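Structure first, then comments.
All of the numbers you see were taken from the coordinates with simple rules; none came from a lab. The model shown is predicted, which means the values in this text are computed figures rather than measured ones. Note that each Cβ is placed from the backbone with ideal geometry, even for glycine, and that neighbours are counted across all protein chains shown.
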Amino acid sequence: MSGQNVLVVGGAGFIGSHTAKLLSKQGYEPVVYDNLSTGHLASVRWGTFVEGDILDTQRLIEVVEDHDPIAVIHFAASAYVGESVEHPAKYYRNNVGGTQSLLEACRFAGARNVIFSSSCATYGVPDQLPIREGEAQRPINPYGRTKLIAEQMLADYSVAYELRYVALRYFNASGADIDGEIGETHDPETHLIPRALMAAAGSIDFLEIYGNDYDTPDGTCIRDYIHVADLARAHVLAVEHLVNGGNNLAVNLGTGHGTSIKEILDAIRRLTGHNVPVEMRARRAGDPPVLYADPALAAEKLGFQALYSDLDTIIRTAAPFFGLEVRT
Ligand SMILES: O=c1ccn([C@@H]2O[C@H](COP(=O)(O)OP(=O)(O)O[C@H]3OC[C@@H](O)[C@H](O)[C@H]3O)[C@@H](O)[C@H]2O)c(=O)[nH]1
């Protein structure tokens with residue numbers, strides 16, 4: 001098989017499955033490679049599925065040789081900040097070792113275009129807001145460090161082995177498929193919006209808020225929530241950028257706008273009619289108080305604009321996956 005295949009490593013996960021769907025809708029043939037450790041077979045509904053581990057370089061070489069993809073999108077990673085502090089070995093193995101295994105397969109099998117899921121966690125606590133790509137990358141947890149090392153690996157491989165890459169530094173991925181076909185199903189679920197919706201639906205007793213004494217207008221942390229449909233579109237634009245001969249890039253994917261935890265809880269109440277029961281807790285280790293992106297470079301280089309990332313669309317699309325009806 002050849003032509004418009006795109007290898008989607010980690011394509012059974014939250015962002016990967018939404019990207020596979022959009023690739024398919026746009027005429028590409030996604031080849032999803034996933035070990036199903038955190039991804040879900042039920043989310044692999046577009047293209048071909050190959051079950052395999054990112055650390056299995058030989059298998060990846062075979063898959064690249066069989067499918068000759070025009071680009072490789074690398075989503076496969078462990079992605080819990082808290083867990084990375086407790087089990088850094090897992091993060092260095094999966095995220096650093098895994099990235100090297102995939103890049104080795106690309107090198108040996110001749111795949112030249114790589115798109116990488118990086119993170120705002122590579123910046124740590126920024127000196128300036130909004131965060132620009134030139135901001136110093138000083139991650140404050142092992143997860144962020146593994147993502148930064150992977151970015152550096154891409155840059156070094158690019159110089160030596162003709163590989164070209166786009167590193168997409170996501171801010172907070174959120175929402176769910178606009179058509180309602182797939183959603184966010186992490187186990188365990190640790191992210192704010194899903195947990196707030198679970199608390200609103202009564203499937204957990206309450207949402208723990210990690211700190212209301214931050215130096216922010218309402219005391220809670222501020223993040224830049226970007227809809228998964230927008231993230232998916234950025235990946236398709238990144239594929240086109242590389243296929244058209246574009247240069248290496250590292251760009252933020254955010255909206256430029258920060259939202260506090262309390263603002264999210266207000267929106268859930270307004271849109272679903274359900275209160276979110278909360279309990280206050282101490283600050284969570286490793287949480288920067290305020291993060292939001294300057295999205296200008298992604299607009300300039302990829303033509304990317306967030307279209308679905310207003311808070312209401314995020315909550316409206318995510319809520320049904322947690323059994324909540326949304327008011328019209
Ligand atoms: O139950 C919760 C969960 C989260 N929060 C708070 O809500 C905010 C958002 O937390 P999330 O866990 O959803 O997301 P984070 O900002 O920690 O990291 C996220 O974004 C960067 C990505 O690279 C990470 O993979 C992702 O986890 C933080 O301030 C956090 O302390 C709570 O108050 N209660």
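What is the ratio of the Cα radius of gyration of region 71-165 to 2.2 N^0.38 Å, where N is its residue count, to two decimals? Let's see the in-between values first.
Numbers: Rg = 13.7 Å, N = 95, 2.2 N^0.38 = 12.4 Å.
This ratio for region 71-165 stands at 1.10.
So if I restrict to the alpha-carbon atoms in region 1-115, what is the Rg, and what is Dmax, the biggest pairwise distance, in Å?
Reported Rg and Dmax, both Å: 13.5, 43.
So for the chain, considering every pair of alpha-carbon atoms, how many percent are separated by more than 33 Å? If you can, show how the numbers build up before the last one.
On the way: 11494 of 53628 pairs.
The answer is 21 percent, as a whole percent.
Quick one: which residues, 5 or more positions from VAL114 or on another chain, have an amide H under 5 Å from its amide H? H modelled 1.01 Å from N in the peptide plane, none for Pro or chain starts.
VAL72, ARG164, TYR165, VAL166
To the nearest 500 deg cm²/dmol, what mean residue ellipticity at 222 nm is calculated for the chain from DSSP H runs of n ≥ 4 alone, each contributing -39,500 (n - 2.57), summed and divided by the residues? Write down the numbers at each step before the final one.
Working: 11 runs with 118 residues, N = 328.
Computed mean residue ellipticity for the chain: -11000 deg cm²/dmol.
Within 11 Å, Cβ to Cβ, of ASP312, how many net charges do the neighbouring residues add up to if Lys/Arg are +1 and Asp/Glu are -1?
Working: positive: ARG270, ARG316, ARG327; negative: ASP310.
Net local charge, ASP312 excluded: +2.
Label GLN26 and ARG269 with points 7 Å out from Cα along Cα→Cβ: what is the distance between them in nm?
Using points 7 Å along Cα→Cβ, the separation is 4.0 nm.
So who's got an amide H within less than 5 Å of the one on ARG132, skipping anything under 5 residues away but keeping other chains? H placed 1.01 Å off N, in plane.
Here ASP294 satisfy the definition.
For region 160-202, with equal point scatterers placed on the C-alpha atoms only and solvent neglected, what are the log10 I(q)/I(0) values from the Debye formula at q = 0.18, 0.31 1/Å, to two decimals?
The computed values of log10 I(q)/I(0) come out as -0.69, -1.19.
Would you mind ranking SER37, SER309, SER101 by Cβ crowding within 10 Å, fewest neighbours first? Spell out each step's value before the answer.
Numbers: SER37 13, SER309 27, SER101 22.
Sorted ascending by nearby Cβ count, the order is SER37, SER101, SER309.
List, in order, the whole-Hz ³J(HN,Hα) value for each residue of region 96-103 obtained from phi through the Karplus relation with A = 6.51, B = -1.76, C = 1.60 and θ = phi - 60°; use x for Gly and Pro.
8, x, x, 5, 5, 4, 5, 5
Can you check what the Kirkwood hydrodynamic radius comes to for region 151-224, Cα pairs only, in Å to one decimal? Walk me through the numbers on the way to the answer.
Working: mean 1/r = 0.0623 Å⁻¹.
Every distinct Cα pair counted, the radius reaches 16.0 Å.
If you rank ASP34, ASP310 by fewest surrounding Cβ atoms within 10 Å, what's the result?
Working: ASP34 28, ASP310 16.
Ranked by crowding around the Cβ, least crowded first: ASP310, ASP34.
Non-local amide H neighbours of VAL8 (under 5 Å, H modeled in plane, Pro and chain starts lacking H): which ones?
VAL31, VAL32, TYR33, ILE73
Under a cut-off of 18 Å between alpha-carbon atoms, report the lysines in cross-link reach of LYS90, not counting same-chain residues fewer than 8 places apart.
List returned: LYS147.
To test your reading of the geometry: what angle, between 0 and 90 degrees and rounded to tens, separates the Cα axis of helix 14-25 from the longest principal axis of the chain?
It is inclined by approximately 60 degrees.
Output ³J(HN,Hα) for region 209-223: one whole-Hz value per residue in order, computed from phi by the Karplus curve 6.51 cos²θ - 1.76 cosθ + 1.60 with θ = phi - 60°, and x for Gly and Pro.
3J(HN,Hα) across region 209-223, in whole Hz: 9, 8, x, 10, 10, 6, 7, 10, x, 10, x, 9, 5, 10, 10.
So what is the relative contact order of the chain, in percent, for Cα pairs below 8 Å that sit 6 or more residues apart?
Values: 700 pairs, mean separation 59.7, N = 328.
Rounded, it is 18 percent for the chain.
If you plug each phi of region 243-255 into the Karplus form 6.51 cos²θ - 1.76 cosθ + 1.60 with θ = phi - 60°, what whole-Hz ³J(HN,Hα) values come out, in order, with x for Gly and Pro?
So the J values, rounded to whole Hz, are 4, 7, x, x, 6, 4, 9, 10, 10, 6, 10, x, 9.
Would you please give the FRET efficiency between ASP205 and GLN58, computed as 1/(1 + (r/R0)^6) with r the Cβ-Cβ distance and R0 = 56 Å, to the nearest 0.05?
Efficiency computed from Cβ-Cβ geometry: 0.75.
Using Cβ contacts closer than 10 Å as the measure, can you line up HIS257, HIS227, HIS191, HIS18 from fewest to most? Please list the in-between numbers first.
Numbers: HIS257 18, HIS227 25, HIS191 15, HIS18 30.
Sorted ascending by nearby Cβ count, the order is HIS191, HIS257, HIS227, HIS18.
Less than 14 Å apart at the alpha-carbon level, and either on another chain or at least 8 residues along: which aspartates and glutamates does that give for LYS25?
Cross-link targets: ASP177, ASP179, GLU181.
Chymotrypsin sites (Phe, Trp or Tyr not before Pro), restricted to region 114-186: which are DSSP loop and have at most 16 other Cβ atoms within 10 Å? The partial results should precede the final answer.
Working: sites: PHE116, TYR123, TYR143, TYR157, TYR161, TYR165, TYR170, PHE171; in loops: TYR123, PHE171.
Filter output for region 114-186: empty list.
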